[in-house]
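The values are calculated or read from the model by the stated rules, or taken from the named source; none is laboratory data. Please read all numbers here as calculations on a predicted model, not as lab measurements. Counting neighbours? That spans all protein chains shown, and the Cβs are built from the backbone with ideal geometry, glycine included.
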Amino acid sequence: MAEQKIFAGHGLRRLRRSLALTQVSMAETLDISASYLNLIERNQRPLTAAIIMKLVSAYDFDPRSLTHDEPGGGEEALRRRLSNSLFEDISIDRSQLQEWMAAAPDTAQAFAILYDAYISAPKSSGDVQLKPEPVRTEIERWNGYFADLDIIAEELADDLRQSSNDLYNAISERLRIKHQIVVRILPYDIMPNLLRRLDLHARQLQISETLSSSGRLFALASQLAHLEADDQIENMVKGAGFDDRAAQRLFRRHLISYFAAAVLMPYQRFLKACESSGYDVNILQKRFGASFEMVAHRLTSLQRIGSRGLPFFMMRIDRAGQVSKRYAGASKSPLVEGQQRCPLWNIHDAPKMPSRMITQLIELEDRTRWFTIASSHYKNDRLTAANGQDDNKTEFTIIIGLRAEFAKKMSIATGLDLDKGNQTLIGLGCKLCTIPECPQRAEAPSDKLLLFNEREREISPFSFISD
């Protein structure tokens, strides 16, 4: 190891930024100069064994992660993007690509993000409608874990449980005594289009009767976030530096929900329950009075230094396959990106089996294996309409997943051969998928030349020239 030269500047910079550290502060911890750290991050100096050991000791992380997540998914992934006909008049050889990744990894990553957005964006009259996601980018920059909020929420949760074993009553009493706010459950006909409302004139937190018990508990915890963590949340919103007011408010909403979930599922207690139950989502739901979606989202945030959980990703899709939530967390999974999903991924079967968990071992084109769990649930289920139809039911499929090697710790994966077992080869949506002979293919790959043979018809409706 001492003789091996490791150039992992992009990974080191990513680690430093995820910890919200400056080059100066990290350099002091590593006992090197800030200028030398800058050279390492620019791949002009290698990471020595001594520095790697100091990094592991100071920040408690897997050193292999420094080289796993290359900009743009690595050299081959960037090369595939550059093979698009958009760049046919530009000659970029392998050595140029390698130099670009080494000298400017963030620029290479930015190119990959922009290119993928271009490919997957809807097109109208020749124009590309890019939809940047600055809020999600900021969330992913923190790996989905906000240490300051989590610590405050954990302390608050301890205080609440000292006052009562019933968390709902404990929060209600805290709102009444400390903030002079009374909780009221109101009928659907009074709040037909609202789930929660704070009436400051009446000093009431009004909650719709249509909310489930977990939804009511989350509503109360969200109100506590407004009242007892507002300063910290506002500082984090300002620190994100959003120019757009809508982005500021969306990020604020996310942090409020994050705090509420952290009160319901305090970090150490939740992590301990995960590990003792084998990350059994059913047990976690019952133990913490949370919904499947709440637990799924919480699983993506277990990234406290020195006490990390498994690296999950999470998505929420509707029956049309539209994504309304997507968090890669520490998994950095490409499965959460883009607008399309492979029809061979069994998450689309979940609505046929409501509330059941369906699992799948899948393999991507880059040969990485992932273990996924999908479950379909009704959200904010309204009372039956006057005509007897359940017109107001809203159904979503919640998906969680992680690398197959990590899934060995999960009880639901017991007995499965995650290394050599039967896996389903899937792509990242037809436009980005280059798997040949797929009978489910709906579109040709966007960066491949099509082949036509009038005398033959293959299994796949589109034939193309592979690399």
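General remarks:
- Top-ranked residue in segment 14-41 [being closer than 25 Å to PRO334 by Cα and touching a helix residue (DSSP H, G or I) at 6+ places or on another chain (Cβ under 6 Å); ranked as surrounded by the fewest Cβ atoms within 10 Å (Cβ to Cβ)]: ARG16
- Residue match in segment 312-333 (condition: assigned by TED's automatic domain parsing to the domain that holds ILE373, among the hydrophobic types (A, V, I, L, M, F, W, C) and in a helix (DSSP H, G or I)): yes
- From the list LEU224, LEU255, the one residue that fits, being touching a residue at least 60 places away in the same chain (Cβ under 8 Å) and either small (Gly, Ala, Ser) or more than 17 Å from ARG141 (Cβ to Cβ) (or both), is LEU224.
- At least 2 residues being modelled with pLDDT of 85 or more and farther than 20 Å from ALA147 by Cβ is the threshold, and among the helices (runs of 4 or more DSSP H) wholly inside segment 1-50 those reaching it are 23-30, 34-41.
- Of the residues contained in segment 244-251, none is found to be aromatic (Phe, Trp, Tyr), assigned to a helix (DSSP H, G or I) and not assigned by TED's automatic domain parsing to the domain that holds ILE185.
- Verdict on GLU209 being touching a helix residue (DSSP H, G or I) at 6+ places or on another chain (Cβ under 8 Å) and acidic (Asp, Glu): no
- Among the criteria (1) of a type outside the set (A, V, I, L, M); (2) surrounded by fewer than 19 Cβ atoms within 10 Å (Cβ to Cβ); (3) part of a helix (DSSP H, G or I), the one PHE259 does not fulfil is (2).
- PHE251 being under 15 Å from ARG298 (Cα atoms) and either small (Gly, Ala, Ser) or out of contact with any Lys or Arg (no Cβ under 9 Å at 6 or more places or on another chain) (or both): no
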